[in-house]
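The values are calculated or read from the model by the stated rules, or taken from the named source; none is laboratory data. Being a predicted model, the structure only gives us computed values, none of them experimental. All Cβ positions, even for glycine, are placed from backbone atoms using ideal geometry, and neighbour counts span all protein chains on display.
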């Protein structure tokens, strides 16, 4: 097919600007400097150019698709604006979902999935829906629209930021805020730190457990660690994206809010991949009627949302089952909570229930991630069977040295503490207000920890983010 | 003004962070050395212009060539600058670096790595290990030879070794200081004789066809020859005893053709002259030579060097170096005597032993044949084998002997040797433990030798029995004689 030829004839001659590379950090700072212009047209031009360069480093092939989606969205927006009507909802879904479905399910030409396709198609749909619902005005400048869709911090894996706020921030930038930019830069670097020091280390432990014939408690450890791995992986990506956007003067919201501190699945989905879950809530769940038409419809809508969410993540039965189970468990939770909602309990009891709720929710989510991790149900069942064969925890069998075990425990403790702090405070802002020597001592400690404990070098590729492949 | 102040502040902070990172990195780079490899330090610690012979090669050279034995035989000071799978281009860089501080008269290149059998070596890692020994431009030259994606991390010790935190027990272990003291091994790697039963024969294959050698290797060898000629250094090759394939043999012969064309002498242990005295069943554990094999190879190398090059020792004697060579050769000789099964080779080694040997021979109406008598002559002993014989050999000379009982005081020790045994300060030194095929055997023989030196204290090294043919034999030796390995 001609597109194949195009891909193989025009690969980028530049090094891809992977999120954890020093090149990406330098690139962000260069764009930051050039975006100091106050003139909107110049800013738009510079940012668009930056987006083009970013995507081009991965291959001009990827540019073709984002450009195509941008053109289609631009043209379609005029129709949506001129002829608003509920029937248009489906007409918005169809072309974009078809494109996604082609690459995920019917990729008969074995084309590479375009970079960020899942994310900018959702952004395009949200833009069109907002016009339809009169939540946003049509953007007549195609460059601005292209800039929104191809905004490079969100290209790899979101967040799926909304168009209205983006256009406002692009066109009417606020006065340069040094603290905000500093927080953004720090968040970006924290995201890289999180990925290379914590996430990749846990990933290496998970891989080691997977590579040996283990049972019992060792499999249980793998399940929980994978849970942490997937969270850290995605959270780090989000931090890099949000931080770099903030550095450039764009607030694209938050994507995670200590999800493993949720005491039930409904709460979990308010804290996990917030941009996607709110997208589904705003553009699917509410469109279907939400909870306004009785419990049965509410549960049906919830099921549909999670089925779509499941198939969005992947093209195997596992993902569909994953979505279904999430829906089912939430439905059960809803029914159970509604039975007990009028019962008043003492604060302490409430705290204890909350605590156990957090533990149980974490266990449930971890086991559900198992379905997410493996290619087939048979593999999942095989892992569960191994888990029920008794074998006590043996770090030596896993291949961990004593120091690695200590470090693993430290990592888990740090993650729990940081998540608790994030739940209650704006940690970055609090950090910025700390006394200068304390902040700089922390920077130095982070540099040392990064250099010593970071997982880099050799054949390991830290840019293998899990969520990038969705 | 405010903007300029802000820009200045941001620039200052970024610069500070980068500077702190670089400082920490540099410190960690000095701290994190490779835990396993520091051969280069051993070479650098050698006194300037002290080396007469430089050995270069792969692990086959490391395990087969004992500088202290060569020193014992020839008086020449040598160093074994080999490492596992060391590529010939890397050996060339070693030579260039060596010539900055040393003026060897002879460079000896072991050639396994030029043969197809080197496929067992992984590509990049050979160069990576090689560069640990080097500094400056020579190190850069080696790093330029490897996959450049890996080269960056190997330019910095820390990048390569930052994962060492996983295995160390104390923080101190991360820091491996540069060794400045002389090594007492001089690059030789000891291998014990562990599994007598697990060896295989080294076969000799005649050449069947020409073999095209690696161009990079030939280029490096040519450059090595040029460098040696320019510095008035002799160059020779050698190929140690090992298991070989037909392809290896063909490649080796092609290399010898190259050597002949370029006036480079070589010592081939697969030549019939050498092979008949070497048995890979005993002298190599699996792949490399063990201490017995190394002793034999080093002995033959010494003879070859003396016969072909007539090198003389021109540098001044360095007492510390000499003492280390002596100490190392004593330790290794003890191992050879201990492990060797062939009595003739045992006496050959005892002949060179520099310390005290106490001898007890109880005749029991037996006799010694001519072969055994010749073996005894190697340690300067001649006596009537039908009578008992008790002697003390000091510095290779018999200082005292008797046929009924010998009493002597040496180094404030009362030594008594009689029919009952050998006693040092009243303590019996008669029964020794030996290990054969991993089984402990307690022995007391007709002919007992007790060795004394600084390195081991009045230990029986060898007990011999005498068989009906009047020959010395040791446990296990007869098995191999019967099966025709000798």
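Laid out as a table, the results:
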{"read-out": "Positions within region A:374-401 being touching a helix residue (DSSP H, G or I) at 6+ places or on another chain (Cβ under 6 Å), under 30 Å from residue A:452 (Cβ atoms) and away from every other protein chain (no Cβ under 14 Å), in sequence order", "value": "A:393"}
{"read-out": "Helices (runs of 4 or more DSSP H) contained entirely in region A:105-174, each with at least 2 residues that are at positive phi and surrounded by fewer than 20 Cβ atoms within 10 Å (Cβ to Cβ)", "value": "none"}
{"read-out": "Hey, residue A:94 in contact with a helix residue (DSSP H, G or I) (Cβ under 7 Å, 6 or more places away or on another chain) and modelled with pLDDT under 95 or not", "value": "no"}
{"read-out": "Subset of region B:122-141 [closer than 25 Å to residue B:287 by Cβ and in contact (Cβ under 8 Å) with a residue 60 or more places away in the chain]", "value": "B:129, B:132, B:133"}
{"read-out": "Where residue A:200 falls short, out of the listed (1) in contact (Cβ under 8 Å) with a residue 24 or more places away in the chain; (2) touching a helix residue (DSSP H, G or I) at 6+ places or on another chain (Cβ under 8 Å)", "value": "(2)"}
{"read-out": "Top-ranked residue in region B:245-258 [being more than 25 Å from the chain's Cα centre (by Cα) and farther than 11 Å from residue B:210 by Cα; ranked as surrounded by the most Cβ atoms within 10 Å (Cβ to Cβ)]", "value": "B:258"}
{"read-out": "Helices (runs of 4 or more DSSP H) fully within region A:372-468 counting 3 or more residues that are surrounded by fewer than 17 Cβ atoms within 10 Å (Cβ to Cβ) and modelled with pLDDT of 90 or more", "value": "A:377-387, A:402-424, A:436-453"}
{"read-out": "Helices (runs of 4 or more DSSP H) fully within region B:122-198 counting 3 or more residues that are within 14 Å of chain A (Cβ to nearest Cβ) and at pLDDT below 75", "value": "B:123-131, B:148-155"}
{"read-out": "Condition met for residue A:394 (closer than 23 Å to residue A:239 by Cα and touching a residue at least 12 places away in the same chain (Cβ under 8 Å))", "value": "no"}
{"read-out": "Yes/no for residue A:237 being modelled with pLDDT under 95, surrounded by 21 or more Cβ atoms within 10 Å (Cβ to Cβ) and touching a helix residue (DSSP H, G or I) at 6+ places or on another chain (Cβ under 8 Å)", "value": "yes"}
{"read-out": "Number of the exception - residue B:313 against (1) within 30 Å of residue B:237 (Cβ to Cβ); (2) part of a loop (DSSP other than H, G, I, E, B); (3) touching a helix residue (DSSP H, G or I) at 6+ places or on another chain (Cβ under 7 Å)", "value": "(3)"}
{"read-out": "Residue B:26 vs. criteria within 14 Å of chain A (Cβ to nearest Cβ), under 30 Å from residue B:166 (Cα atoms), without any contact (Cβ under 8 Å) to a residue 40 or more places away in the chain and surrounded by fewer than 15 Cβ atoms within 10 Å (Cβ to Cβ)", "value": "yes"}
{"read-out": "Residue check for residue B:381: under 19 Å from residue B:465 (Cα atoms), surrounded by 13 or more Cβ atoms within 10 Å (Cβ to Cβ), at pLDDT 85 or above and in contact with a strand residue (DSSP E or B) (Cβ under 9 Å, 6 or more places away or on another chain)", "value": "yes"}
{"read-out": "Output for region A:402-439, where each listed residue is more than 17 Å from residue A:225 (Cα to Cα) and within 14 Å of another protein chain (Cβ to nearest Cβ)", "value": "A:402, A:403, A:432, A:436, A:437, A:439"}
{"read-out": "Some residue of region B:210-224 being modelled with pLDDT of 80 or more, in a loop (DSSP other than H, G, I, E, B) and within 30 Å of the chain's Cα centre (by Cα)", "value": "yes"}
{"read-out": "Flag for residue A:49 being assigned to a helix (DSSP H, G or I), modelled with pLDDT of 90 or more and under 17 Å from residue A:163 (Cβ atoms)", "value": "no"}
{"read-out": "Per-region count, region A:283-320, residues in a helix (DSSP H, G or I), in contact (Cβ under 8 Å) with a residue 40 or more places away in the chain and surrounded by fewer than 17 Cβ atoms within 10 Å (Cβ to Cβ)", "value": "1"}
{"read-out": "Some residue of region A:347-357 being touching a helix residue (DSSP H, G or I) at 6+ places or on another chain (Cβ under 8 Å) and either surrounded by 15 or more Cβ atoms within 10 Å (Cβ to Cβ) or away from chain B (no Cβ under 14 Å) (or both)", "value": "no"}
